[in-house]
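Structure first, commentary second.
Read the figures in this text as sums done on the coordinates, not as results from a lab. Note that this is a predicted model, so its numbers are computed, not measured. Here the Cβ is made from the backbone with ideal geometry for all residues, glycine too, and neighbour counts use every protein chain on show.
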Ligand code: PMP
């Protein structure tokens, strides 16, 4: 397998685009490679510019729940293009998709469309602050909520801390109200509320963390979070940008049976076009402009193309619940296959899975917190990634990202992936 054309393009790209990419993880830096440039996608496969074909488990980092270039999703797009892709006026499809989302998630009585997950979480936090008249927020280490200033924070030393920023260019002022605690750590959660509960506008959490590998929240952790936020009058925000319409049609909130006050969405609800959304209880949502005092806006928000593809995706998922059982069955088979190889070759690795999301952590024992995740051997992961790629299987080029199943993955894909994994694990131990 050669990547000559990708390498050539990457060298050219670096002249005009910082790092050669428009989003950092596409640089494949953490596995010591040049970017792989995609040419086209078809079902579960990506074909790159060198003509290599891969079974794709990145799935555009989540949106491609029905696989690449799904006709279910692109159906009718030409008519939308001909009719006009943006008006700056309200359109009917916005009403239809908003209704669908509220029907899918009972906690979401009203929803506002934006253009990315970053915008969704940023706006949800502003709304939470507007609703509570409080400033502080709590997030968890290892959870990613987009790249707005106040959320690019990791915890400092100790478990309950005001954090430091993960990015330069973020002012101290922007993060001074962001508290950071350890994911899945109930003791610290209780301590945060004891010390700061009355000042907290919101707790924002990925109910299944998908940005430090896959780390599902313990049910008890979310339940206590719900109880404490109610008790102290802080809002609970579920960031379901990854999990929404993926772990089930009603998202992680349906899986866990917990009703957040606000929810953030993205990825799947745009069918692969740039989209985000946030929604929740009517009394909170009606604080948004133009009915309320919390300002939030967007020139291309709710644009007809993204709404059309998102609506196609969601209606299909609503009418085909078997998509979810099917993705889970395939992910379960992968999990079993991976675990078998880990045992056979006595590798220090753990597989985490929930529904159709999973990943292999190269570390011993359970992975439930960011601290556990941090112990992973990223050098072995880089080797594993390359061995998988050489066998035609594309997984995330970072230990700390999820593997996503789509409805388009076939039984043969799963068998091939299990075999590739066994071979990769064998070679790692050599
Ligand atoms: N929240 C979560 C949970 C995410 O995974 C992401 C992106 N991966 C975001 C927010 C930000 O979304 P976007 O990249 O669309 O801004």
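An oblate overall shape is assigned to the chain, the ratio a/c of its alpha-carbon gyration tensor axes (a ≥ b ≥ c) being 1.5 or greater and a/b not exceeding b/c.
Oblate is the label for the stretch 141-229, because a/c, from the alpha-carbon gyration tensor with a ≥ b ≥ c as root eigenvalues, is 1.5 or above and a/b does not exceed b/c. Centroid-to-centroid, using Cα positions, the stretch 118-148 and the stretch 91-116 are 20 Å apart. Once both labels are positioned 7 Å from their Cα atoms along Cα-to-Cβ, the gap between residue 333 and residue 390 label points is 2.6 nm. By other beta-carbon atoms within 10 Å, ranking 263, 30 with the fewest at the front produces 30, 263.
The stretch between residue 289 and residue 12, if pulled fully straight at 0.36 nm per residue, gains 95.3 nm over its current Cα-Cα span. Residues of the stretch 175-192 with an amide N closer than 11 Å to a point placed 7 Å from the Cα of residue 224 along the Cα-to-Cβ direction: 184-192. Separation of the stretch 290-324 and the stretch 217-285, taken as the distance between their Cα centroids, equals 16 angstrom.
Spatially, the stretch 1-79 and the stretch 336-376 are offset by 26 Å when compared through their Cα centroids.
Sorted ascending by nearby beta carbons within 10 Å, beginning with the fewest, 26, 426 become 426, 26. Would you kindly calculate the translational diffusion coefficient of the stretch 72-319, applying Stokes-Einstein with the Kirkwood radius from alpha carbon pairs, for 4 °C and a viscosity of 1.567 mPa s, and quote it in µm² s⁻¹ without decimals? D = 71 µm²/s. Applying 1/(1 + (r/R0)^6) with r as the Cβ-Cβ distance of residue 378 and residue 318 and R0 = 51 angstrom yields a FRET efficiency of 0.85. Each of 205, 95, 21 has some number of other Cβ atoms within 10 Å of its Cβ, and from fewest to most they run 95, 21, 205.
Calculated mean residue ellipticity at 222 nm for the chain: -12000 deg cm²/dmol, from DSSP H runs with n ≥ 4 weighted as -39500 (n - 2.57), summed, divided by the residue count and rounded to 500. Counting 0.36 nm for each residue step from residue 172 to residue 23 and taking away their Cα separation leaves a gain of 51.2 nm. Spacing of the modelled spin labels on residue 411 and residue 87, each 7 Å from Cα toward Cβ, amounts to 4.8 nm.
For the stretch 387-430, the square roots of the Cα gyration tensor eigenvalues, ordered a ≥ b ≥ c, give a/c of at least 1.5 with a/b no greater than b/c, which places it in the oblate category.
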